[in-house]
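> Here it is, the structure in full.
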Amino acid sequence: MSIPIDTFFLDPKFEGTLQQKIQRMISEGVLSGRFIPGAKLPSSRKLATHLGISRITVTLAYSELVSDDYLIAKGRSGYYVSPTAPQRTRFDAPKGVVTDAVDWNRAIGQRYTGQVLVEKPVDWRSYPYPFIYGQADEKIFDHSNWRQCALQALGKREFSTVTADSYERDDPELVKYIALNTLPRRGIQAKPEQILITVGGQNALWLAAQVLLNQRRTAVMENPGYPGLRVALNLARCNVVSVPVDHAGMRLDALPDGTDVVFTTPSHHCPTSVTMPLERRQKLLEMASQKDFVIVEDDYEFEMSFLNPPAPALKSLDEEGRVIYVGSFSKSLFPGLRLGYMVGSETFIREARALRMVVVRHPPGHLQRTVANFLSLGHFDALVARMGQTYRRRRDVMQEAIDRRGLHVAGSDVSGGSSFWMKTPDHIDARDLSLAVRQRGVLLEPGHFFFENPEDGKHNFRIAYSSIDSARIPPGIDIIADTIESFGAK
């Protein structure tokens, strides 16, 4: 029995190579039962002609399917569905209509929905002017070397390391690089026992909150501040105090008595981008010593200091071990990576490691080793340098467009980063502005997400330049400015 040639078509929605599309098309046919064992496939020449692609592409796809036992080759006779091809386990469909008889309002013991987080449209790439924060630009990323590092991690030499159940341990090569290269650039010295790999910076903040806080303790965070941290603190069920931020970061005169843990972003405040000066950092450390509290330093985006050298990390000034340092590769590589790290005393890291073990065990071994390879071979430093150059050009273009149209920059950034913190006229709600410009192809982030009281941030918004070409920035800014003008003046 031969499978009709008209049965084969390429799925336009599948984002892969032509060879991968062919492999998926045939393997799905086998697994679904449409292509039965012993059925003959079209010759590579006929299928290539039918699909309008190269014959070698079809031949390579057939060869891969043979190696996975979906197909067998019978000399000059051609390719056939293997008699031992993989099959999906089939179950009889349940009879009748299945109803949900559980009273979930009673059954759910703790609720995690309803948290206020920044919205990230899945289809952001389809917008012509995506001033959206924290997304990767595929034009800058080093695809080729990343692919090689991933392949190296899956090679025979490293296979046993990346595929083993490492229990609570981390990839020693990644930890070694962080200890000997990444941290010294921030003036930090740490032993491997003081470093923990996390599933991104968000996971590190959650682990810190869970280990350090309880219902009887008080945590302080910045206002405005990172919404994901506010959620993590709420889940820790501690008393949360939001402290205002000025032109130099967190206002230390507003720290309450009885503070147990202070969460701060001194080098690059989220979301205003202000940098805490050295004098205030030293004052914060003095207060921590005098009042006996711990500091969690989120040092995100320190790599993007292309305007001026980055200020010393708070951890590098710490002489009493009071600072827990949080870093992330997700901002500098790509957000979907979800790989970060924390540095702290051995006692703290031991507890955080034990908690991580029961929640996620450890971040994927293949991912850790791929990043370790990418770092150790110098590709990461080259990527960061390229990003810095690109971001600086885009920032200059955006600054010029903002100045030309008279828009109001609310935050100040002395180092670099990837965004501007903005303010609307008093009669315009940034949420309304966001909806209006979205109809014209512009994506921006309303600022209310970052405030303890969302109404306090109704006049703020953030525009980023990490994922938009320089040529698109001026017309996008023009749309924002024109829309603001269309609201009229009051």
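All of the numbers you see were taken from the coordinates with simple rules; none came from a lab. This structure is a prediction, so every number in the text was calculated from the model and none was measured. Every residue, glycine among them, receives a Cβ derived from its backbone with ideal geometry; neighbour counts consider all protein chains shown.
> State the antiparallel share, in %, of DSSP beta bridges confined to the stretch 162-377, rounding to the nearest 5.
Percent antiparallel among DSSP bridges in the stretch 162-377 is about 40.
> Between Lys283 and Ser43, with labels modelled 7 Å along Cα→Cβ, what's the label distance in nm to one decimal, could you check?
For the pair Lys283/Ser43, the computed spacing is 8.3 nm.
> How big is the charge dipole of the stretch 1-102 about its Cα centre, in debye rounded to the nearest 20, if each Lys and Arg gets +1 on its Cβ and each Asp and Glu gets -1 on its Cβ?
In total the dipole reaches around 440 debye.
> Can I ask one more? Counting only other residues whose beta carbon sits under 13 Å from that of Glu193, what net charge do I get with K and R as +1, D and E as -1?
+1
> D for the stretch 312-356, whole µm²/s, Stokes-Einstein with Kirkwood Rh over alpha-carbon pairs at 37 °C and 0.692 mPa s: what number?
Answer, rounded: 276 µm²/s.
> Something else now. Per the Debye formula with a single identical scatterer at each Cα and no solvent contribution, what log10 I(q)/I(0) holds for the stretch 416-490 at q = 0.23, 0.27 Å⁻¹?
-1.09, -1.35
> Over what distance in Å are the Cα centres of the stretch 172-250 and the stretch 401-420 separated?
Cα centres, the stretch 172-250 to the stretch 401-420: 27 Å.
> Further, regarding this structure: Going by how many other beta carbons lie within 10 Å of each one, how would you line up Leu174, Leu333, fewest first?
By the 10 Å Cβ count, ascending: Leu333, Leu174.
> Here is a further query. Counting pairs of alpha carbon atoms under 8 Å apart in space and at least six apart in sequence, what relative contact order in percent does the stretch 280-334 give?
45
> Ok, one more. Among Lys21, Lys191, Lys139, which comes first, second and so on when ranked by fewest other beta-carbon atoms within 10 Å?
The most exposed by this proxy come first: Lys139, Lys191, Lys21.
> Moving on to the next point. Please report the relative contact order for the chain, taking Cα pairs under 8 Å with a sequence separation of at least 6, and give it as a percent rounded to a whole number.
18
> Take the eigenvalues of the Cα gyration tensor for the stretch 323-468, scale each by 5, and report the square roots as semi-axes in whole Å, largest first.
For the stretch 323-468, the semi-axes come out at 35, 22, 14 Å.
> How long is the gain from Ala254 to Glu168 if the chain were fully straight, where each residue apart is worth 0.36 nm and the alpha carbon distance is subtracted?
Roughly 27.1 nm would be gained on extension.
> How far apart, in nm, are the 7 Å Cα→Cβ label points at Arg111 and Thr7?
Going by the 7 Å Cα→Cβ label model, 5.1 nm.
> Per residue and in Å³, how big is the convex hull formed by the alpha-carbon atoms of the stretch 5-81?
Given the Cα convex hull of the stretch 5-81, per-residue volume reads 88 Å³.
> Hey, another quick one. How high is the relative contact order of the stretch 162-377, in percent, with contacts defined as C-alpha pairs under 8 Å that are six or more residues apart?
30
> How many percent of DSSP beta bridges within the chain run antiparallel, rounded to 5?
Around 55 percent of the beta bridges assigned by DSSP in the chain are antiparallel ones.
> Tally the DSSP beta bridges in the stretch 281-406 and give the antiparallel ones as a percent, rounded to 5.
The antiparallel proportion sits near 50 percent.
> Neighbouring Cβ atoms within 10 Å as the yardstick, rank Tyr80, Tyr129 fewest first.
Tyr80, Tyr129
> Kirkwood-based Rg over Rh for the chain (C-alpha set), two decimals?
1.04
> Then there is this: Where nothing but the Cβ of Lys and Arg (+1) and of Asp and Glu (-1) is charged, how large is the charge dipole of the chain around its Cα centre, in debye to the nearest 20?
Roughly 1840 debye for the chain.
> While we're on this one: If you plug each phi of the stretch 42-52 into the Karplus form 6.51 cos²θ - 1.76 cosθ + 1.60 with θ = phi - 60°, what whole-Hz ³J(HN,Hα) values come out, in order, with x for Gly and Pro?
For the stretch 42-52, the Karplus curve yields x, 5, 4, 5, 5, 5, 5, 5, 4, 8, x Hz.
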